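Every number in this text was worked out from the coordinates using simple rules, so none of it is lab data. These figures come from a predicted structure and were not determined experimentally. No Cβ is skipped: glycine too gets one built from the backbone with ideal geometry, and neighbour counts run over all protein chains shown.
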Amino acid sequence: MAEATQLDSPASEEKIAIDGFTEEGENLSPFNEGTVQHGAKKHSHGDAPVIPEASRGERLKSYKLDDFAPLNGREEDWRFTPLKRLRGLHNQPLTGAGPAVEVTGAANIQVETVGRDDWRIGSAAIPDDRVSAAAWEAFAEATVVTIPAETIADGDVHISINGVDEAPAAQHLIITAERFSKAVVVLDHHGKTTLAQNVEIVVGDGAELTVVSVQEWDDDAVHTSTQQARIGRNAKFKHVVVSLGGDLVRMTPSSLFTGPGSEVEMYGLYFADAGQHLEQRLLVDHAVPNCKSRVTYKGALQGQDAHTVWVGDVLIRKEAEGTDTYETNRNLLLTDGTRSDSVPNLEIETGLIAGAGHASATGRFDDEHLFYLMARGIDEKTARRLVVRGFLNEVIQQIKVPALEERLTDAVERELAAGNI
Amino acid sequence: MSTLEITDLHVSIETEQGARKQILKGVSLTINTGESHAIMGPNGSGKSTLASTIAGHPRYLVDSGSITLDGEDVLDMSVDERARAGLFLAMQYPVEVPGVTMTNFLRTAKTALDGKAPSLRHWTKDVKEAMSQLRIDADFAQRNVNEGFSGGEKKRVEILQLELFKPRFAILDETDSGLDVDALKVVSEGVNREHNKGGMGTVLITHYTRILRYIKPDFVHVFVDGRIAEQGGPELADRLEAEGYDRFLTNSPAPAGSPAGA
Ligand SMILES: Nc1ncnc2c1ncn2[C@@H]1O[C@H](COP(=O)(O)OP(=O)(O)OP(=O)(O)O)[C@@H](O)[C@H]1O
Ligand SMILES: [Mg+2]
């Protein structure tokens, strides 16, 4: 296999500097305190810690839990996650009933509850970490939502996922947009939970699918979610993660291109309060030629021990000539005591690409910003809100699901109000 | 008429080592609306410290003395209250504010200053007009505040705010530095437009007399080592440009309360 090269953004068609924001490189191990906190150090890619896997593409994948070693927290993909707070998802049987699933909205789609032996199980995903495999072994039945071929859903598909207890549980969902169909699907998580979830997403040839996963759990919820999308030819897929509520939320969305001419946009918005751990690890797998991907994640942090993690892996395989990809992550630290880890990782195995780049920046809203705005008559509270809203709206506006935009704007307002800023 | 009065102001800062360093050592200055004052002086003499203290930057600690605006205690006001009372500081180094577009910022500030939202139609027109007079590209409105602006562009945007916010007292901290000849002219015209309406007192902090050719000061103050060492009319500026500050510096450290020359 060709040697993977780690490339920096080759062209700066997109400016990555936010002033008061500094570029972060990859030297962001959890033991490396301070670098992220102040966003002050500049790292070259040469400083990156050795990543044990030779390539992201070679990570172990299996439906069997036993194929994965028990976690100790030092694994590359778990090193930022406080395992103790997983409340047993990684080492207890997942026997809880799990949150209730209710699908409403569009009428011209198909909703089924199926058993483990249904032919569609496994049509898009294969676990690539231990918790995901545990969930795969444990789920009893799956919810399958299908947008039939050449159908335009006659409304947004709303999947309410409502938890009522904290027994560790597994959950399985399959969303299939058959060829030339078009739909917006919103996964709406709320209530209490300790949940390991697998979401399989099939985007058929020529289909246009948006999947939005909103995590507005109660404060003490624990949720891991692997959301793997398999994208056909000439298709468009948009994936949006919105993580606001929960004690620990760990999202691992991925997009795998299986046919040429497709486009993926992956957005994320997260707002961590005191003590919250919000993690997102993405993979875009360019396995075929001439596909395009854009990843934009933005997060705000406030309060003691608010912690966010963003790891963005983009893999451009040897076959993926003509790939065009760009990923960014920006974090805004609103108070002291917060911590944001941001690790972009681009692996390129062919030189014949249209473009590849990434940017990552973590900055703080500091006293000088505040002074500037206040010196123009704006009171402190309004000044802080102005900055946070502006920062996060950039993502909210790109979701382009009107009903959701308003709801998310309100949710951000509530976060701001809750943080007393 | 309004009066901004600074009396025997002593200001210090806390250095990174935690020591306290005195910077202003007894500054007295009275500015009336309609007047224009120039403050000149060597690097590090405390000019920006005075400006920032008036605006209320938290880094500067007032040890003694007073600042009043028509008799009201300015030192008692928060930063935003000072701005709403009519004080405006065009900063020497305007900061870039992430996530906030100029449009949004200007409207929010105007609303805060006036206590009500400006009528949208007039406001949009005012902003457009002021931007074009200052030769600021229309697309700046959609950019984040000062983000990626050049030094000269930042200064123009400060003056844009001056024109839109219409303060009673404007302190311009080296607004002229970093401007080429054309920009200097454009910016000076902006200040004059506002000043000539008669309702504004202007303080120009500068190292050079070139801006004073466009903005005629009524008074010139020489700042040396945290004090006003000499005051005079516009002719003093020319003398300073010709002679430099040497004669003040050789006299220093002057004992407190005995300004050199006059
Ligand atoms: N944060 C700070 N830490 C340490 N010293 C400071 C700080 N801010 C200002 N000073 C010092 O205070 C003194 C006055 O600085 P100030 O910026 O007011 O001078 P200035 O007259 O505006 O100079 P310039 O013409 O270079 O703008 C200087 O000696 C400066 O080094
Ligand atoms: Mg200065």
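Things to note:
- Cross-link reach is defined here as a Cα-Cα straight distance under 26 Å, omitting same-chain residues fewer than 8 places apart; for B:LYS125 the lysines meeting it are B:LYS110, B:LYS116, B:LYS154, B:LYS155, B:LYS166, B:LYS185, B:LYS197.
- Relative exposure of B:SER64, A:SER160, A:SER254, judged by other C-beta atoms within 10 Å (fewest first): B:SER64, A:SER160, A:SER254
- Between the beta carbons of A:ASP154 and B:VAL181, assuming R0 = 45 Å, the FRET efficiency works out to 0.10 to the nearest 0.05.
- Taken one residue at a time, the phi angles of segment A:64-78 give Karplus couplings (6.51, -1.76, 1.60, θ = phi - 60°) of 9, 4, 5, 6, 9, 5, x, 7, 10, x, 9, 4, 3, 8, 10 Hz. Gly and Pro are set to x.
- Average silhouette area of chain B, convex hull of alpha-carbon atoms, in square nanometres: 14.4
- Residues whose amide H comes within less than 5 Å of that of B:ASP63, counting only those at least five positions distant or on another chain, are B:HIS10, B:VAL11, B:SER12 (H built at 1.01 Å from N in the peptide plane).
- For chymotrypsin sites (Phe, Trp or Tyr not before Pro), no site in segment B:73-144 is both called loop by DSSP and has at most 16 other Cβ atoms within 10 Å.
- Along segment A:243-254 the Karplus relation, 6.51 cos²θ - 1.76 cosθ + 1.60 evaluated at θ = phi - 60°, assigns HN-Hα couplings of 10, 10, x, x, 6, 9, 10, 10, 9, 10, x, 9 Hz to successive residues, with x for each Gly and Pro.
- Just checking the listed ones, A:ALA196, A:ALA125, A:ALA140: in the Gaussian network model of chain A with Cα springs under 10 Å, the one fluctuating most is A:ALA140.
- Three-way shape label, the protein assembly as shown, alpha-carbon gyration tensor, a/c 1.5: prolate
- Among B:THR53, B:ILE6, B:GLY41 the positive-end extreme of the charge dipole of segment B:1-63 (Cβ point charges): B:GLY41
- Looking at the protein assembly as shown alone, DSSP beta bridges between its own residues are antiparallel in about 25 percent of cases.
- With each label modelled as a point 7 angstrom along the Cα→C-beta vector, the A:SER55-A:ALA97 pair spans 4.7 nm.
- Between amide H atoms placed 1.01 Å from N, distances below 5 Å from B:VAL220 occur with B:ALA38, B:GLY232, B:GLY233, all of them 5 or more places distant or on a separate chain.
- Pairs of Cα atoms nearer than 8 Å and 6+ residues apart set the relative contact order; for chain B it is 26 percent.
- Separation in nanometres of the label points that stand 7 Å from Cα toward Cβ, at B:ASP76 and B:ASP8: 1.9
- Net charge of neighbours whose Cβ lies under 14 Å from the Cβ of B:VAL79, counting Lys and Arg as +1 and Asp and Glu as -1: -1
- Candidates A:HIS369, A:HIS158, A:HIS172, ranked by Gaussian network fluctuation over chain A, Cα under 10 Å, top entry: A:HIS369
- Straight-distance candidates among the lysines for linking to A:LYS61, with alpha-carbon spacing under 21 Å and chain neighbours fewer than 8 residues away dropped: A:LYS318.
- Cβ-Cβ FRET estimate between B:THR124 and A:ASP165, R0 fixed at 51 Å, reported to 0.05: 0.40
- Full extension of the chain between B:SER132 and B:ARG193 gives 20.6 nm of extra length, using 0.36 nm per residue less the Cα-Cα distance.
- Dipole magnitude (debye, nearest 20) for the protein assembly as shown, charges at Cβ of Lys, Arg, Asp, Glu: 1080
- Nearest-20 debye value, chain B charge dipole, Cβ charges on Lys, Arg, Asp, Glu: 560
- Placing +1 on the Cβ of every Lys and Arg and -1 on the Cβ of every Asp and Glu, with nothing else charged, gives segment B:60-202 a dipole about its Cα centre of roughly 700 debye.
- Gaussian network model of chain A, springs between alpha carbon atoms under 10 Å - residue of A:ASP156, A:ASP218, A:ASP410 with greatest fluctuation: A:ASP410
- Under 5 Å, built H, 5+ apart or other chain: amide partners of A:ARG364: A:LEU333
- In plain terms, the C-alpha convex hull of segment A:138-269 casts an average shadow of 7.3 nm² when viewed from every direction.
- 23 Å Cα-Cα reach of A:LYS182 towards lysines, excluding residues that sit fewer than 8 places from it in its own chain: A:LYS236, A:LYS238, A:LYS292, A:LYS400
- Dividing the summed -39500 (n - 2.57) terms of all DSSP H runs of n ≥ 4 by the residue count of chain A sets its mean residue ellipticity at 222 nm at -4000 deg cm²/dmol.
- Taking other C-beta atoms within 10 Å as the exposure proxy, A:TRP310, A:TRP136 rank A:TRP136, A:TRP310 from fewest upward.
- Helical contribution to [θ] at 222 nm, DSSP H n ≥ 4, -39,500 (n - 2.57), averaged over chain B, rounded to 500: -10000 deg cm²/dmol
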